[in-house]
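Take a look at the structure below.
The values are calculated or read from the model by the stated rules, or taken from the named source; none is laboratory data. Quick caveat: nothing in here was measured; it's all calculated off a predicted structure. Here Cβ is always computed from backbone atoms with ideal geometry, including for glycine, and neighbour counts include all displayed protein chains.
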Amino acid sequence: MPKLTARLRFIVGAMALALIVALAAPATAQQRNPDSSVNPTASSVREDQLLNELDRISGRCTIPDQKACTIEQPAGRDWRHFHEVTLRWIGAISILGMLALLVIFYLVRGMVRLESGRSGRVLVRFSAFERLVHWMTAACFILLAISGLNITFGRPLLLPLIGPDAFTAWSQWAKYAHNYLSFPFTIGVVLIFLMWIGGNIPNSVDVQWFKRGGGIIGDDHPPAYRFNGGQKAIYWIVVLGGGAVAITGYVLMFPFYGTTIDTMQYAQMIHAVVAMLFVAAMLGHIYIGTIGMEGAFEAMGEGTVDVNWAKEHHSLWLEDEMGRSTKGARTQPAE
Ligand code: HEM
């Protein structure tokens with residue numbers, strides 16, 4: 001008996017569905033453009049109205065995670081628009097804009113040269129541990145940036161170039177890299193915060209440094225302690241930007257642990273926008289540490305700088321170091 005009832009219910013249900021489809025068909029058939037061509041988006045217009053009126057389109061499902069039963073919600077559509085349109089503009093403008101600015105700046109200003117030449121004596125600037133932390137964080141950052149940008153730009157830019165198979169394999173590895181490298185990156189940001197906080201508290205010397213163009217715009221050499229105003233700005237971008245991408249990144253990596261779909265969407269938006277600005281800022285940092293300034297790379301490469309470099313760019317730090325070197329020599333001949 002219950003079987004028969006169930007069967008009857010199924011037949012009645014199927015007939016009702018057929019009737020709805022039959023009635024609806026002429027209506028869709030009439031959804032035409034003024035030139036009488038079929039309007040392919042007509043049905044999605046009704047879906048949109050339905051979505052907005054009901055707030056969400058959801059059904060019933062048997063899996064334990066009931067969130068999976070929501071198929072669409074208005075905020076999800078706004079988020080998709082952000083992800084597929086707005087974010088790509090923010091990323092393209094900030095990253096390509098920064099690259100364009102750096103190229104123009106290099107062509108106009110050129111490399112900041114060591115005016116007084118090399119003295120032949122060098123001064124220890126960063127210990128082996130400081131350099132290890134810097135390079136570990138930098139390497140993780142570069143891989144996180146490439147693998148993250150693949151999520152934003154991979155589908156429109158890379159997929160058409162390398163095809164679906166290669167893109168799937170690459171994206172899977174990139175996603176693993178993004179997840180696992182987040183841990184050494186976070187450790188690096190914490191160590192950078194602790195290691196260099198002492199030299200990075202802003203003070204009046206930085207105000208003067210900025211007012212005088214930081215020695216980069218023009219040929220001035222404003223005094224600075226161990227870190228100048230520009231380096232302090234980079235330090236705080238790394239600490240605060242790194243902190244923000246780490247917190248929001250872990251929210252995304254461990255979904256729905258104390259978060260809802262709304263907070264996840266906000267976390268994704270903050271993560272992605274901060275990441276784009278972070279990449280742009282780091283391009284500026286890489287520029288000045290390599291082709292932008294003579295003698296800068298060796299500070300992080302070998303750990304030492306020429307004494308004349310210190311005199312020109314960090315005169316107050318050099319004075320401190322020289323004061324200390326009466327107790328124990330800090331300078332040594334260049335090899
Ligand atoms: C502790 C550090 C980080 C963690 C835990 C983290 C985690 C995540 C997670 C879980 C996602 C979502 C992936 C997905 O949708 O499958 C993501 C996306 C992304 N991440 Fe990170 N991330 C971190 C650092 C960074 C850094 C340093 C950058 C760049 C400088 C970055 C750039 C991006 C970008 C661009 C996206 C894609 C945004 C989008 O289009 O949706 N992330 N990250």
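Which numbered condition in (1) of a type in the set (A, V, I, L, M, F, W, C); (2) surrounded by 14 or more Cβ atoms within 10 Å (Cβ to Cβ); (3) more than 10 Å from the ligand (Cβ to nearest atom) is the only one that residue 166 fails? Result: residue 166 passes all but (2). Within region 60-75, the presence of a residue that is of a type outside the set (Phe, Trp, Tyr), part of a helix (DSSP H, G or I) and under 30 Å from residue 312 (Cβ atoms) is excluded.
The number of residues in region 171-195 that are in contact with a helix residue (DSSP H, G or I) (Cβ under 7 Å, 6 or more places away or on another chain) and of a type in the set (Phe, Trp, Tyr) comes to 2. Checked against (1) within 12 Å of the ligand (Cβ to nearest atom); (2) without any contact (Cβ under 8 Å) to a residue 12 or more places away in the chain; (3) surrounded by 14 or more Cβ atoms within 10 Å (Cβ to Cβ), residue 233 passes all but condition (1). Take the conditions more than 14 Å from the ligand (Cβ to nearest atom), without any contact (Cβ under 8 Å) to a residue 60 or more places away in the chain, surrounded by 18 or more Cβ atoms within 10 Å (Cβ to Cβ) and over 14 Å from the mean Cα position of the chain (by Cα) and apply them to residue 202. Does it pass? For residue 202, the condition - more than 14 Å from the ligand (Cβ to nearest atom), without any contact (Cβ under 8 Å) to a residue 60 or more places away in the chain, surrounded by 18 or more Cβ atoms within 10 Å (Cβ to Cβ) and over 14 Å from the mean Cα position of the chain (by Cα) - is not met.
Table: residues versus (1) aliphatic (A, V, I, L, M); (2) crowded, with 17+ Cβ neighbours inside 10 Å; (3) away from the ligand (no atom under 15 Å from the Cβ).
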residue: 71; (1), (2), (3): yes, no, yes
residue: 77; (1), (2), (3): no, no, yes
residue: 81; (1), (2), (3): no, no, no
residue: 98; (1), (2), (3): yes, yes, no
residue: 102; (1), (2), (3): yes, yes, yes
residue: 112; (1), (2), (3): yes, yes, yes
residue: 117; (1), (2), (3): no, no, yes
residue: 145; (1), (2), (3): yes, yes, no
residue: 153; (1), (2), (3): no, no, no
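Residues that are over 26 Å from residue 94 (Cβ atoms), touching a Ser or Thr at 6+ places or on another chain (Cβ under 9 Å) and within 13 Å of the ligand (Cβ to nearest atom) occur in region 177-197; there is at least one. Within region 277-299, is even one residue over 20 Å from the mean Cα position of the chain (by Cα) and within 16 Å of the ligand (Cβ to nearest atom)? No: region 277-299 contains no residue that is over 20 Å from the mean Cα position of the chain (by Cα) and within 16 Å of the ligand (Cβ to nearest atom). Among the residues making up region 236-260, those that are surrounded by fewer than 16 Cβ atoms within 10 Å (Cβ to Cβ), touching a residue at least 24 places away in the same chain (Cβ under 8 Å) and of a type outside the set (Phe, Trp, Tyr) are 243, 253. Inspect region 315-335 for any residue being acidic (Asp, Glu), in contact (Cβ under 8 Å) with a residue 40 or more places away in the chain and over 22 Å from residue 198 (Cβ atoms) and give the result as yes or no. Checked against the condition, which is being acidic (Asp, Glu), in contact (Cβ under 8 Å) with a residue 40 or more places away in the chain and over 22 Å from residue 198 (Cβ atoms), region 315-335 yields no hits at all.
Here the condition is being at pLDDT 65 or above, surrounded by 12 or more Cβ atoms within 10 Å (Cβ to Cβ) and more than 16 Å from the ligand (Cβ to nearest atom); of 46, 60, it holds for 46 alone. Residue check: residue 169 meets all listed conditions (1) in contact (Cβ under 8 Å) with a residue 24 or more places away in the chain; (2) more than 30 Å from residue 313 (Cβ to Cβ) but one, namely (1). Report whether or not residue 248 is out of contact with any His (no Cβ under 9 Å at 6 or more places or on another chain) and polar (S, T, N, Q). Taking the combined requirement at face value, the residue does not satisfy it.
Note on region 248-266: residues that are near the ligand (Cβ under 9 Å from one of its atoms) and within 22 Å of residue 81 (Cα to Cα) total 6.
Taken over region 128-150, residues that are free of Cβ contacts under 8 Å to residues at least 12 places away in the same chain and under 16 Å from residue 274 (Cα atoms) amount to 1.
Count of region 82-117 residues, restricted to those that are at pLDDT 95 or above and of a type in the set (Lys, Arg), is 1.
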